[in-house]
Amino acid sequence: MPSHEYRRKPPFCPNQYCISHAQPTTWRYKKKGFFERLAAPQRIQRYVCRCCSRNFSSQTFSPTYWLRRPELLRSVFFRSLACSGLRQITHEAGTSHSTIARHLARLGRQCLLFHERLRPELPQEPLVLDGFRSVEFGHYWPFDLNLLVGSNFHFVYGFNEAPLRRSGTMRPGQRRHRTRVEDKHGRPPPQATRQAVYELVGRIVPPGAQVEIRSDEHRAYPVALRALSDRTILHTTTSSKALRTASNPLFAVNLADLLLRHTGANHKRETIAFSKRRQNACYRAAIWMVWRNYIKSVSERKRDDPPAVRMGVIPRRLTVDDILREREFPWRRKLTGWLEQCYFARIATRPIAHCAEHALKYAV
Ligand SMILES: [Zn+2]
């Protein structure tokens, strides 16, 4: 069955305030005709909840709700992992780049929740932590995607982001421009990486747990990990100058970085397809994380199982249709903290005024 068709019985009332939303065992609903649309299947069954009178349809439970081109979602998923920029996907799909951006955002939200539903609550292996460097808006706006990857199974447990100040070698003119940019928009918070790592490890490692975390010698990591005093964390470091071979203790995250840069057009060096907003980079990273964990083999050469199968999280390799079979509802996951900020697009790209204002409105 194509991913954009949902033909099962409605599983629960989609109204989050209805009693049948959380406890659908005695739920009663009735059919209420059809509506017609241009995309196949053209007749969509409508329903009404007998408890709260909410109208809904079979499309309410599909990730393709409200889409005119439901078949696009699947191909955009693959194209985003095939190193395509938005305009390149647009040429193939015959639509506008803003439509592709919205599809990517929707896929990102679906993947964020899909992963949160399946992710093991307690990591059973040493974790490897690293910051993957990329840029948003332009080269004066670098940021880190902080990744936490399992060292044995290569399962990506989670990620978040931290804005950074542009550093490295700069010409005098570039340095002056950085000053102008910082005068206008302010510097990124100097503690951003420490706070992000604190949030990420705190989310993945539950209180009371014991875990080994490996990382490079970034100065913010020990401070962030010490602050998580209700977890027992054994922190070991390896120099980032050490050979990046399979015997390197950080191999799992080095490989993840490699794959992320290999598959994403927005992370290539010297590209014009860089992310215009950090928010969208996070949505693309969520798609990549689900593909890496549940669809892609650990080793391309061996064609073996994906990380989640090797860990026993799922019995078999998933397909994109499996990922897109059922819509994930954010209010059924009780999102908090960074995940909530990311899901609801509240990560600010400061030079874009309305984007910064939207994030400020919901700042906690
Ligand atoms: Zn209801």
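Counting only heavy atoms of the protein chains and using a 1.4 Å probe, Ser96 has close to 50 Å² of accessible surface.
With all protein chains in place and ligands, DNA and RNA left out, the 1.4 Å accessible area ranks Glu357, Glu270, Glu212, Glu328 as Glu270, Glu357, Glu212, Glu328, largest first. Close amide H pairs (under 5 Å, H built 1.01 Å from N) link Arg277 with Phe137, residues at least 5 positions away or on another chain. Cross-link pairs exceeding 18 Å between alpha carbons, from the set Lys241/Lys302; Lys9/Lys30; Lys276/Lys361: Lys241/Lys302; Lys276/Lys361. In the assembled protein chains, Tyr198 presents an accessible area of approximately 110 Å² (probe radius 1.4 Å).
Only protein atoms count toward the accessible area here, which uses a 1.4 Å probe; on the range 90-188, the carbon and sulfur part of that area reaches 48 percent.
Is the shape of the range 16-55 best called rounded, prolate or oblate, per the rule: a/c under 1.5 gives rounded, else a/b larger than b/c gives prolate, else oblate, with a ≥ b ≥ c the square roots of the Cα gyration tensor eigenvalues? Cα axes put the range 16-55 in the prolate bin. Its residue count N sets the reference 2.2 N^0.38 Å, and the alpha-carbon radius of gyration of the chain equals 1.05 times that reference. Normalised by 2.2 N^0.38 Å, where N is the number of residues, the alpha-carbon radius of gyration of the range 176-279 equals 1.32. For the chain, the longest principal axis of the Cα atoms and the long axis of helix 278-290 meet at an angle of about 70 degrees. Starting from the Cα gyration tensor of the range 1-83, take the square roots of the eigenvalues, sort them a ≥ b ≥ c, and report rounded, prolate or oblate (rounded when a/c is under 1.5, otherwise prolate if a/b is larger than b/c, else oblate). Prolate.
With a cut-off of 12 Å between beta carbons, the residues surrounding Phe137 carry a summed charge of +4, where Lys and Arg count +1 and Asp and Glu -1. Think of a 1.4 Å ball rolled over the protein heavy atoms: the range 112-244 then has 50 Å² of accessible area per residue.
Think of it as helices only: each DSSP H run of n ≥ 4 in the chain is worth -39500 (n - 2.57), and spread over all residues that comes to -10500 deg cm²/dmol at 222 nm.
Local charge for Trp338 was computed over the other residues whose Cβ lies under 15 Å away, with Lys and Arg +1 and Asp and Glu -1, and equals +3.
Relative to the longest principal axis of the Cα atoms of the chain, the long axis of helix 192-204 makes an angle of roughly 50 degrees. For the residues Leu228, Leu260, Leu129, a GNM of the chain with alpha-carbon springs under 10 Å puts the largest fluctuation on Leu228.
Rounded to the nearest 10 square angstrom, Trp291 shows an accessible area of 40 square angstrom against a 1.4 Å probe.
The values are calculated or read from the model by the stated rules, or taken from the named source; none is laboratory data. Just so we're clear, the structure is a prediction, and the values are computed from it rather than from any experiment. Ideal geometry is used to build each Cβ from the backbone, glycine not excepted, and the neighbour counts take in all protein chains shown. Calculation scope for accessible area: heavy atoms of the full protein, side chains included, ligands and nucleic acids excluded. Shrake-Rupley method; radii C 1.70, N 1.55, O 1.52, S 1.80 Å.
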